[in-house]
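Report on the following structure.
The values are calculated or read from the model by the stated rules, or taken from the named source; none is laboratory data. Because the structure is predicted, anything quoted here is derived from the model rather than measured. Cβ sites come from the backbone with ideal geometry, for glycine too, and all protein chains shown count toward neighbours.
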Amino acid sequence: MKVFLIGMPGCGKSTFGRKASKKLSIDFIDLDKEIIGLEQMSINEIFDKKGEGYFRQIESNLLKNITYRMESFIMATGGGAPCFFDNMAFMNTAGITFFIDTDIPYLLARLSTKGIGKRPLLKKIGEDNLKNGLKEKLKERLPYYSQAHVTLSYHQSLENEIVSYVKSKIKSQN
């Protein structure tokens, strides 16, 4: 089973993905960390030195390579991954997509505690404009996010919903 978690930066894709993968005993992949390992530089450095276009191409290539190479996983994609190179359609065809839908106040709280420095597009927006910037970014991305197979609203044990859904799909395939 191939599971893709999509949503805005700070919505909990990595946190819930890690927890769900442990409960399902399948691999967890953080696409951004895979890119960092491949490129041997941070996401910020990639954006600064090579540009967003380069980053998005690497992101799409790696998304597809991992998907073709591995039989099952839970993957936390970057927030923008579904929005480029028909990645959303690819993920929907290759596996199950979950959109983790969070409201702006929650994202602001998470991002203010974790900081926006590691997130190049949010860093560009800046702390002062973060609320409006997140609203704009969500508005841009929602047409892609809304194509997900399943939309989940944020809550503390979201991974349990992911696990239950995946288990039901696995049973129905057997």
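Evaluate the stretch 95-102: report whether one residue or more is modelled with pLDDT under 95 and not in a strand (DSSP E or B). Yes: the stretch 95-102 contains one or more residues that are modelled with pLDDT under 95 and not in a strand (DSSP E or B). Residues that are touching a Gly at 6+ places or on another chain (Cβ under 6 Å) and not small (Gly, Ala, Ser) were ranked within the stretch 60-116; the one that is nearest to residue 31 (Cα to Cα) is 74. The residues of the stretch 119-162 that are within 15 Å of the chain's Cα centre (by Cα), without any contact (Cβ under 8 Å) to a residue 60 or more places away in the chain and in a loop (DSSP other than H, G, I, E, B), listed by number, are 146, 149.
Number of residues in the stretch 27-51 that are under 26 Å from residue 2 (Cα atoms), in a helix (DSSP H, G or I) and either at pLDDT 95 or above or acidic (Asp, Glu) (or both) equals 9. For the stretch 19-42, filtered to residues that are within 28 Å of residue 143 (Cβ to Cβ) and of a type in the set (D, E, K, R), the residue that is surrounded by the fewest Cβ atoms within 10 Å (Cβ to Cβ) is 33. Tell me whether the stretch 54-72 contains one or more residues that are under 17 Å from the mean Cα position of the chain (by Cα), in a helix (DSSP H, G or I) and free of Cβ contacts under 8 Å to residues at least 12 places away in the same chain. Within the stretch 54-72, one or more residues are under 17 Å from the mean Cα position of the chain (by Cα), in a helix (DSSP H, G or I) and free of Cβ contacts under 8 Å to residues at least 12 places away in the same chain. Which members of the stretch 67-98 meet the condition of being more than 13 Å from residue 1 (Cβ to Cβ) and acidic (Asp, Glu)? Across the stretch 67-98, the qualifying residue is only 86.
If I go through the stretch 2-19 residue by residue, how many of them are closer than 11 Å to residue 97 by Cα and over 9 Å from the mean Cα position of the chain (by Cα)?
Narrowing the stretch 2-19 to residues closer than 11 Å to residue 97 by Cα: 2-7.
This time we only want the ones that are over 9 Å from the mean Cα position of the chain (by Cα), so: 2-3.
Within the stretch 2-19, residues that are closer than 11 Å to residue 97 by Cα and over 9 Å from the mean Cα position of the chain (by Cα) number 2.
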